[in-house]
């Protein structure tokens, strides 16, 4: 199944209205509805980001946002990592992260990448060489930790 996923990456300025709508639909379904967390999903960071997504049968099933350095953190950062519930536990999330890191290294060179990860996902991000830095904090009432990949 994963072999049929079509991957794309575009800077915000290159996205069509439909592409951005589909990305936001998945992010909102997960971060607002599924996690029952009312917060401002659409923010100005999207404007200074590249968006990587995978589609299967014309439906967006996985996304990440690659935020330019100096916007969220001094380092480049990855955020809004989301995989449709039906595709969790497959290799989609691994492929998503590997492609995201590969894109960053291709465009920006090897450098530190910082993320704000939900605390319960630390072991997942450890697989991609992210190390926990600092203490747990609440973001939208969800425990998070900062993680850094050197």
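The values are calculated or read from the model by the stated rules, or taken from the named source; none is laboratory data. In this text the structure is predicted, and so the values were computed from the model without any measurement. All Cβ positions, glycine included, derive from the backbone under ideal geometry; neighbour counts span all protein chains shown.
Laid out as a table, the results:
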read-out	value
Some residue of region 135-148 being within 26 Å of residue 7 (Cβ to Cβ) and part of a loop (DSSP other than H, G, I, E, B)	no
Qualifying residue in region 10-23 (condition: touching a strand residue (DSSP E or B) at 6+ places or on another chain (Cβ under 8 Å) and either under 23 Å from residue 119 (Cα atoms) or loosely packed, with under 13 Cβ neighbours inside 10 Å (or both))	no
Single unsatisfied condition, residue 135 versus (1) surrounded by fewer than 14 Cβ atoms within 10 Å (Cβ to Cβ); (2) within 22 Å of residue 93 (Cα to Cα)	(2)
Pairs with Cβ under 6 Å, 6+ apart, first in region 94-112 and at negative phi, second in a loop (DSSP other than H, G, I, E, B) and surrounded by 12 or more Cβ atoms within 10 Å (Cβ to Cβ)	97/128; 112/75
Strands (runs of 3 or more DSSP E) fully within region 14-123 counting 1 or more residues that are farther than 23 Å from residue 145 by Cα	49-56, 59-67
Selection count where residues are under 14 Å from the mean Cα position of the chain (by Cα) and either at pLDDT below 85 or surrounded by 17 or more Cβ atoms within 10 Å (Cβ to Cβ) (or both), scope region 24-41	6
